[in-house]
Amino acid sequence: MEEEITLKPFRRVLSGYEVLSKTALTITDCSELAERYKQFGVDGYRIGDYSGPSYLNRYLECSIKSAPMLVYKRNIFIPMVFRGANESQKLFSEPSRMPGFFILLDWLIENRPEKAIINYRAPSEFHPEKMYVDSAYVAFRLSEILDVGGFPISRFKTLEEFIVWNRIYHLIENGQIGRHSRIFDKDNPTNVSELKMILQVVQLKYPETTFFI
(Lines give C-alpha, C1' and ligand atoms only; values in the text may rest on other atoms or scores of the structure.)
Protein backbone atom coordinates (compact mmCIF):
# COMPACT_ATOMS: atom_id res chain seq x y z
CA MET A 1 0.00 0.00 0.00
CA GLU A 2 1.36 3.42 -1.01
CA GLU A 3 2.04 5.91 1.75
CA GLU A 4 -0.19 8.99 1.86
CA ILE A 5 1.50 12.10 0.52
CA THR A 6 0.36 15.50 1.77
CA LEU A 7 1.45 19.07 1.06
CA LYS A 8 3.07 21.06 3.86
CA PRO A 9 3.35 24.85 4.40
CA PHE A 10 6.30 26.30 2.45
CA ARG A 11 7.63 29.80 3.18
CA ARG A 12 10.54 30.18 0.77
CA VAL A 13 8.77 32.16 -1.95
CA LEU A 14 9.76 35.83 -2.20
CA SER A 15 7.88 38.29 -4.42
CA GLY A 16 9.15 41.85 -4.14
CA TYR A 17 9.68 42.33 -0.42
CA GLU A 18 6.95 39.90 0.59
CA VAL A 19 7.48 36.33 1.73
CA LEU A 20 4.60 34.21 0.44
CA SER A 21 3.28 31.07 2.06
CA LYS A 22 2.62 28.24 -0.39
CA THR A 23 2.50 24.47 -0.06
CA ALA A 24 5.10 21.89 -1.05
CA LEU A 25 6.13 18.28 -0.71
CA THR A 26 8.86 17.22 1.62
CA ILE A 27 12.08 15.94 0.05
CA THR A 28 11.22 12.50 1.45
CA ASP A 29 7.95 12.53 -0.49
CA CYS A 30 9.84 13.61 -3.62
CA SER A 31 12.02 10.53 -3.21
CA GLU A 32 8.87 8.39 -3.04
CA LEU A 33 7.40 10.05 -6.15
CA ALA A 34 10.64 9.72 -8.10
CA GLU A 35 10.56 5.98 -7.55
CA ARG A 36 6.82 5.71 -8.19
CA TYR A 37 6.82 7.59 -11.50
CA LYS A 38 9.97 6.37 -13.21
CA GLN A 39 7.81 4.98 -16.01
CA PHE A 40 6.69 8.51 -16.87
CA GLY A 41 10.23 9.83 -17.26
CA VAL A 42 11.14 10.91 -13.72
CA ASP A 43 14.90 10.48 -13.28
CA GLY A 44 15.26 11.55 -9.67
CA TYR A 45 14.79 14.48 -7.33
CA ARG A 46 16.74 17.42 -5.96
CA ILE A 47 16.50 20.69 -4.05
CA GLY A 48 17.13 23.86 -6.03
CA ASP A 49 16.37 27.55 -6.57
CA TYR A 50 14.50 29.12 -9.46
CA SER A 51 12.76 32.39 -10.28
CA GLY A 52 10.37 33.96 -12.73
CA PRO A 53 6.69 34.82 -13.25
CA SER A 54 4.37 31.84 -12.83
CA TYR A 55 0.84 30.86 -11.91
CA LEU A 56 2.15 30.27 -8.38
CA ASN A 57 1.96 34.03 -7.74
CA ARG A 58 -0.46 35.23 -10.44
CA TYR A 59 2.38 35.63 -12.94
CA LEU A 60 4.30 38.15 -10.86
CA GLU A 61 8.06 37.77 -10.64
CA CYS A 62 9.06 35.69 -7.63
CA SER A 63 12.06 33.74 -6.34
CA ILE A 64 11.80 30.31 -4.80
CA LYS A 65 14.60 29.05 -2.59
CA SER A 66 15.45 25.43 -1.77
CA ALA A 67 12.43 24.02 -3.57
CA PRO A 68 11.92 20.25 -3.72
CA MET A 69 11.83 19.17 -7.37
CA LEU A 70 11.45 16.11 -9.53
CA VAL A 71 14.05 15.70 -12.27
CA TYR A 72 12.21 14.94 -15.49
CA LYS A 73 13.78 13.70 -18.71
CA ARG A 74 17.23 14.90 -17.66
CA ASN A 75 17.01 18.69 -18.03
CA ILE A 76 13.45 19.50 -16.95
CA PHE A 77 12.77 20.24 -13.28
CA ILE A 78 9.29 20.02 -11.79
CA PRO A 79 9.06 22.08 -8.57
CA MET A 80 6.77 20.40 -6.08
CA VAL A 81 5.59 23.81 -4.85
CA PHE A 82 1.94 24.72 -5.31
CA ARG A 83 -0.76 27.18 -4.44
CA GLY A 84 -2.81 26.40 -1.33
CA ALA A 85 -5.77 25.19 -3.36
CA ASN A 86 -7.87 22.06 -3.55
CA GLU A 87 -6.50 21.09 -6.97
CA SER A 88 -3.00 20.97 -5.49
CA GLN A 89 -3.77 18.38 -2.80
CA LYS A 90 -5.87 16.34 -5.25
CA LEU A 91 -2.65 15.64 -7.18
CA PHE A 92 -1.61 13.34 -4.36
CA SER A 93 -4.93 12.16 -2.96
CA GLU A 94 -6.39 10.87 -6.25
CA PRO A 95 -4.37 8.09 -7.95
CA SER A 96 -5.30 9.25 -11.47
CA ARG A 97 -3.98 12.79 -11.02
CA MET A 98 -0.19 12.47 -11.22
CA PRO A 99 -0.25 10.20 -14.31
CA GLY A 100 -2.60 12.79 -15.83
CA PHE A 101 -0.16 15.53 -14.80
CA PHE A 102 2.63 13.93 -16.84
CA ILE A 103 0.41 13.32 -19.88
CA LEU A 104 -0.71 16.96 -19.80
CA LEU A 105 2.84 18.23 -19.19
CA ASP A 106 4.20 16.32 -22.19
CA TRP A 107 1.50 17.79 -24.42
CA LEU A 108 2.12 21.33 -23.15
CA ILE A 109 5.89 21.09 -23.62
CA GLU A 110 5.40 19.94 -27.21
CA ASN A 111 2.57 22.30 -28.16
CA ARG A 112 2.52 25.26 -25.76
CA PRO A 113 5.85 25.33 -23.93
CA GLU A 114 5.40 28.99 -23.01
CA LYS A 115 2.48 27.88 -20.80
CA ALA A 116 4.29 25.02 -19.09
CA ILE A 117 7.83 26.38 -18.72
CA ILE A 118 8.81 29.41 -16.66
CA ASN A 119 10.72 32.00 -18.73
CA TYR A 120 10.59 29.66 -21.72
CA ARG A 121 13.35 29.87 -24.30
CA ALA A 122 13.75 27.13 -26.87
CA PRO A 123 16.96 25.21 -26.06
CA SER A 124 19.35 24.75 -28.95
CA GLU A 125 20.38 21.31 -30.13
CA PHE A 126 23.92 21.82 -28.88
CA HIS A 127 23.19 23.74 -25.68
CA PRO A 128 20.17 22.24 -23.96
CA GLU A 129 19.10 24.46 -21.08
CA LYS A 130 17.54 23.56 -17.79
CA MET A 131 13.82 24.21 -17.82
CA TYR A 132 11.58 24.75 -14.80
CA VAL A 133 7.96 23.68 -15.03
CA ASP A 134 5.17 25.99 -13.91
CA SER A 135 3.81 23.20 -11.72
CA ALA A 136 1.03 25.36 -10.26
CA TYR A 137 -0.32 26.08 -13.75
CA VAL A 138 -0.19 22.43 -14.82
CA ALA A 139 -2.05 21.41 -11.65
CA PHE A 140 -4.67 24.10 -12.33
CA ARG A 141 -5.14 23.07 -15.98
CA LEU A 142 -5.40 19.44 -14.92
CA SER A 143 -8.15 20.45 -12.50
CA GLU A 144 -9.99 22.24 -15.32
CA ILE A 145 -9.88 19.06 -17.39
CA LEU A 146 -10.91 16.63 -14.65
CA ASP A 147 -13.10 18.70 -12.34
CA VAL A 148 -14.89 20.78 -14.98
CA GLY A 149 -14.81 18.52 -18.01
CA GLY A 150 -14.08 15.04 -16.71
CA PHE A 151 -17.53 13.68 -15.95
CA PRO A 152 -19.46 15.14 -18.92
CA ILE A 153 -16.68 14.26 -21.37
CA SER A 154 -16.65 10.68 -20.08
CA ARG A 155 -20.31 10.43 -21.16
CA PHE A 156 -19.94 11.81 -24.69
CA LYS A 157 -20.14 9.35 -27.57
CA THR A 158 -19.62 11.71 -30.50
CA LEU A 159 -17.43 14.67 -31.38
CA GLU A 160 -20.54 16.76 -32.01
CA GLU A 161 -21.60 16.36 -28.35
CA PHE A 162 -18.23 17.70 -27.23
CA ILE A 163 -18.33 20.61 -29.69
CA VAL A 164 -21.73 21.75 -28.37
CA TRP A 165 -20.54 21.47 -24.74
CA ASN A 166 -17.26 23.24 -25.52
CA ARG A 167 -19.09 26.26 -26.94
CA ILE A 168 -20.36 26.88 -23.40
CA TYR A 169 -17.38 25.80 -21.26
CA HIS A 170 -14.55 26.45 -23.80
CA LEU A 171 -12.20 23.87 -22.35
CA ILE A 172 -10.38 24.03 -25.69
CA GLU A 173 -9.99 27.40 -27.38
CA ASN A 174 -8.98 27.79 -31.00
CA GLY A 175 -7.13 31.08 -30.64
CA GLN A 176 -9.64 33.17 -32.56
CA ILE A 177 -11.04 36.41 -31.16
CA GLY A 178 -14.69 37.11 -30.47
CA ARG A 179 -17.69 34.86 -30.57
CA HIS A 180 -15.86 32.17 -32.58
CA SER A 181 -13.14 31.76 -29.93
CA ARG A 182 -15.09 29.02 -28.13
CA ILE A 183 -15.54 26.88 -31.23
CA PHE A 184 -13.55 23.65 -31.39
CA ASP A 185 -11.98 23.45 -34.87
CA LYS A 186 -11.83 19.81 -35.99
CA ASP A 187 -9.56 20.86 -38.87
CA ASN A 188 -7.03 22.38 -36.49
CA PRO A 189 -4.32 19.74 -35.73
CA THR A 190 -3.50 21.34 -32.37
CA ASN A 191 -7.17 21.34 -31.30
CA VAL A 192 -7.48 17.69 -32.30
CA SER A 193 -4.26 16.75 -30.52
CA GLU A 194 -5.40 18.55 -27.36
CA LEU A 195 -8.74 16.76 -27.34
CA LYS A 196 -7.04 13.38 -27.75
CA MET A 197 -4.79 14.24 -24.80
CA ILE A 198 -7.79 15.33 -22.72
CA LEU A 199 -9.61 12.08 -23.44
CA GLN A 200 -6.53 10.14 -22.36
CA VAL A 201 -6.40 12.08 -19.08
CA VAL A 202 -10.15 11.75 -18.45
CA GLN A 203 -10.01 7.99 -19.04
CA LEU A 204 -7.59 7.66 -16.12
CA LYS A 205 -10.40 8.74 -13.78
CA TYR A 206 -13.36 7.50 -15.82
CA PRO A 207 -12.36 4.21 -17.53
CA GLU A 208 -15.65 4.12 -19.47
CA THR A 209 -14.59 7.18 -21.52
CA THR A 210 -15.06 6.81 -25.28
CA PHE A 211 -12.33 7.98 -27.64
CA PHE A 212 -14.70 9.66 -30.07
CA ILE A 213 -12.02 11.36 -32.17
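The values are calculated or read from the model by the stated rules, or taken from the named source; none is laboratory data. Owing to the predicted nature of the structure, the values given are computational and were not obtained by experimental measurement. No Cβ is skipped: glycine too gets one built from the backbone with ideal geometry, and neighbour counts run over all protein chains shown. When the accessible area is computed, the model is the full protein with side chains, heavy atoms only, and any ligands, DNA or RNA have been set aside. Shrake-Rupley method; radii C 1.70, N 1.55, O 1.52, S 1.80 Å.
Quick notes on this structure:
- Pairwise Cα inverse-distance average, inverted: Kirkwood Rh of the stretch 3-69 (Å): 12.9
- Among the lysines of the chain, pairs that are 8 or more positions apart or on different chains and have alpha carbons within less than 19 Å of each other number 17.
- Kirkwood hydrodynamic radius of the stretch 75-199, from inverse mean 1/r over distinct Cα pairs, in Å: 15.8
- Sparsely packed loop sites in the stretch 1-65 (the chymotrypsin sites (Phe, Trp or Tyr not before Pro) outside DSSP H, G, I, E and B with at most 14 other Cβ atoms within 10 Å) comprise Y17, Y59.
- At least 20 Å along the helix axis (C-alpha) and Kyte average at least 0.0, DSSP helices within the chain: 97-111, 189-205
- Stretch gain in nm, segment I168-Y17, where the contour uses 0.36 nm per residue and the Cα spacing is subtracted: 50.3 nm
- DSSP-loop chymotrypsin sites (Phe, Trp or Tyr not before Pro) across the stretch 62-152, with at most 10 other Cβ within 10 angstrom: F126
- Volume per residue of the C-alpha convex hull in the stretch 133-213, rounded to whole Å³: 98
- For Y45, the residues whose modelled amide H falls within less than 5 Å of its own, excluding neighbours fewer than 5 places apart on the same chain, are V71.
- Annotation: per residue accessible area for the chain equals 53 Å², rounded to a whole number [probe 1.4 Å, protein chains only].
- With the helix formula -39500 (n - 2.57) applied to DSSP H stretches of n ≥ 4, the chain reaches a computed 222 nm mean residue ellipticity of -11000 deg cm²/dmol.
- Candidate values (i) 1.30; (ii) 1.05; (iii) 1.20, label of the one derived for Cα Rg over 2.2 N^0.38 Å: (ii)
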